[in-house]
Every structure is written in structure tokens, then in C-alpha cells.
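**Student:** Got a structure for you, written out below as C-alpha cells; questions coming shortly.
The values are calculated or read from the model by the stated rules, or taken from the named source; none is laboratory data. Quantities reported herein were computed from a predicted structural model and do not represent experimental measurements. Counting neighbours? That spans all protein chains shown, and the Cβs are built from the backbone with ideal geometry, glycine included.
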Amino acid sequence: FGGFLIWNVGDCWPQQSDSVMDYAGTPKRVFERLGQMFQRVRNRHAARIHGRRPQPRRSGEGP
């Protein structure tokens with residue numbers, strides 16, 4: 001299984017770091033990009049919750 005862990009969500013004081021939100025709670029530029037990257041995961045999860053099963057794909061097929 002593969003996965004992705006966003007380890008540092010927010011800064012606790014003004015600094016440069018790898019977090020996705022600054023100390024004031026303002027999203028950094030990477031925050032929006034992560035949302036785009038995880039959209040397909042959210043869609044598949046929502047489909048399973050609502051009883052719709054997505055069509056299986058073969059390895060190497062695009063979205």
C-alpha cells in the first residue's frame with residue numbers, strides 16, 4: 001500500500017518551514033496543490049460511502 005503523510009500541518013510561530021499553513025492559519029501555496037492532488041482520493045472515498053463503486057483500472061492506466 002502507498003500513502004502520504006502531511007507531517008507538519010501548521011507553524012506555531014513565524015518561520016520558514018515545510019508546513020502547509022503559516023502561524024496565523026493562512027494556507028501556504030502548497031495547501032491548494034495538495035487539495036488538487038487528493039481530489040481523486042476524496043472522490044473515490046465519497047463513491048464508496050454512497051454505494052457507488054468506481055470501475056477498476058489496470059495498472060498504468062491514467063485517470
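**Student:** What number of residues in region 27-38 are closer than 15 Å to residue 8 by Cα and without any contact (Cβ under 8 Å) to a residue 24 or more places away in the chain?
**Tutor:** Going through region 27-38 one residue at a time, the tally reaches 5.
**Student:** When region 1-38 is examined, which residues are found to be closer than 29 Å to residue 59 by Cα and at pLDDT 80 or above?
**Tutor:** Listed by number, the residues that qualify are 30, 31, 32, 33, 34, 35, 36, 37, 38.
**Student:** Here's something else I'd like to know. Just to be sure I understand the filter: pairs with C-beta atoms under 6 Å, separated by 6 or more residues or on different chains, first member in region 15-26 and in contact (Cβ under 8 Å) with a residue 12 or more places away in the chain, second member assigned to a loop (DSSP other than H, G, I, E, B) and aromatic (Phe, Trp, Tyr). Which pairs pass?
**Tutor:** Correct list of pairs: 23/13.
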